[in-house]
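**Q** Sending over a structure as structure tokens; questions will come in a sec.
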Amino acid sequence: MPLGLSLILVYGTRILSRWLSLPKEVIFYIFSILIAVSIIGTIQGYWDYIRDWYKQQALILHFREINEIKNNSTFLVEDNTMDLNARKRYYRHYEYSGLMRSAFSDEKRIAIDVKQYYLYYKNKNEFYKVFKENAKLNYNISDYEVTLPQRKIIINPGDRNVLSFINRLNLIFKNIFSKYKFHGEVKKLVNVSVEEINND
């Protein structure tokens, strides 16, 4: 819980309790509830980002194995696993490029969410202009040569049982003590396929 909101709740509760002449036991229960809600909210927020990180690790592992991703440079992404993203956000092009850099140890590839692509890039010239400028800014694409999207990456849900409470604890343990087993488990979280794009 942000500090400002905490102060408002604490002092607001104190002022309200004095105004209503509430007994100390009631004030204690109110503060206990506020603390419990704050702890649960914080844990949920952290879990959102951990779940997102698991998805990113799974994507890196899948990308590494797909030759069509290794041998091309510009991709659209159809992400059907938005519920795994922290705050249900779209991944930005530089996030996908960072994942591909982690997979291949170079900065030659870019990927854009398919909805964002059709929303923001109305024609070829606009796409070329934006990414020639962005390439100079080095958003994980310093070696990228601008081309129109060549392939579509489709991310579908995998085995959601990987995220059950017991398996979450198991993943934490495996990430610390056995990276090989961790990679084998976390990779099951999503399925990745690739389709060719016709730019005619």
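The values are calculated or read from the model by the stated rules, or taken from the named source; none is laboratory data. Not measured: the values here are computed from a predicted model. Every residue, glycine among them, receives a Cβ derived from its backbone with ideal geometry; neighbour counts consider all protein chains shown.
Listed here are the residues, each with its yes/no results for (1) assigned to a helix (DSSP H, G or I); (2) modelled with pLDDT of 90 or more.
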{"site": "Ala103", "(1), (2)": "yes, yes"}
{"site": "Glu107", "(1), (2)": "no, yes"}
{"site": "Glu133", "(1), (2)": "yes, no"}
{"site": "Asp143", "(1), (2)": "no, no"}
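**Q** Only one of these is in contact (Cβ under 8 Å) with a residue 60 or more places away in the chain and either in contact with a Ser or Thr (Cβ under 7 Å, 6 or more places away or on another chain) or outside the structural domain of Lys88 (by TED's automatic domain parsing) (or both): Ile155, Ile141. Name it.
**A** Values: Ile141 fails: in contact (Cβ under 8 Å) with a residue 60 or more places away in the chain.
None of the other options fit; the residue is Ile155.
**Q** Within segment 34-82, can you find the residues that are in contact with a Lys or Arg (Cβ under 7 Å, 6 or more places away or on another chain) and without any contact (Cβ under 8 Å) to a residue 40 or more places away in the chain?
**A** Passing the criteria: Asp48, Met82.
**Q** Considering Phe127, Phe173, which residue is of a type in the set (A, V, I, L, M, F, W, C), assigned to a helix (DSSP H, G or I) and over 22 Å from the mean Cα position of the chain (by Cα)?
**A** Details: Phe173 fails: over 22 Å from the mean Cα position of the chain (by Cα).
One residue alone meets the criteria, Phe127.
**Q** Answer yes or no as to whether Val192 is within 21 Å of Glu107 (Cβ to Cβ) and under 21 Å from the mean Cα position of the chain (by Cα).
**A** Working: within 21 Å of Glu107 (Cβ to Cβ): yes; under 21 Å from the mean Cα position of the chain (by Cα): yes.
For Val192, the condition - within 21 Å of Glu107 (Cβ to Cβ) and under 21 Å from the mean Cα position of the chain (by Cα) - is met.
**Q** Taking Arg168 as the residue in question, decide whether it is surrounded by 12 or more Cβ atoms within 10 Å (Cβ to Cβ) and under 24 Å from Glu78 (Cβ atoms).
**A** no
**Q** Of the residues Leu59, Leu76, which is within 11 Å of the chain's Cα centre (by Cα) and buried (at least 18 other Cβ atoms within 10 Å of the Cβ)?
**A** Leu59
**Q** Given segment 1-79, what helices (runs of 4 or more DSSP H) lie entirely inside it while holding 1 or more residues that are closer than 23 Å to Ala103 by Cα?
**A** By residue number, 24-65, 67-70.
**Q** Looking for something in contact (Cβ under 8 Å) with a residue 24 or more places away in the chain and surrounded by 15 or more Cβ atoms within 10 Å (Cβ to Cβ) - is there at least one such residue anywhere in segment 116-123?
**A** Yes; the residues of segment 116-123 include at least one that is in contact (Cβ under 8 Å) with a residue 24 or more places away in the chain and surrounded by 15 or more Cβ atoms within 10 Å (Cβ to Cβ).
Conditions (1) in contact with a Pro (Cβ under 6 Å, 6 or more places away or on another chain); (2) surrounded by 14 or more Cβ atoms within 10 Å (Cβ to Cβ); (3) of a type in the set (Lys, Arg), marked per residue:
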{"residue": "Ile27", "(1), (2), (3)": "no, yes, no"}
{"residue": "Ile33", "(1), (2), (3)": "no, no, no"}
{"residue": "Val37", "(1), (2), (3)": "no, no, no"}
{"residue": "Tyr49", "(1), (2), (3)": "no, no, no"}
{"residue": "Lys55", "(1), (2), (3)": "no, yes, yes"}
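**Q** Which residue pairs have Cβ atoms closer than 8 Å, lie 6 or more positions apart in sequence or on different chains, and pair a first residue in segment 162-179 that is assigned by TED's automatic domain parsing to the domain that holds Gln57 with a second residue that is basic (Lys, Arg) and part of a helix (DSSP H, G or I)?
**A** Val162/Lys188; Leu163/Arg51; Lys174/Lys181
**Q** Are any of the residues in segment 165-176 touching a Gly at 6+ places or on another chain (Cβ under 9 Å), under 23 Å from Trp47 (Cα atoms) and at pLDDT below 95?
**A** Within segment 165-176, one or more residues are touching a Gly at 6+ places or on another chain (Cβ under 9 Å), under 23 Å from Trp47 (Cα atoms) and at pLDDT below 95.
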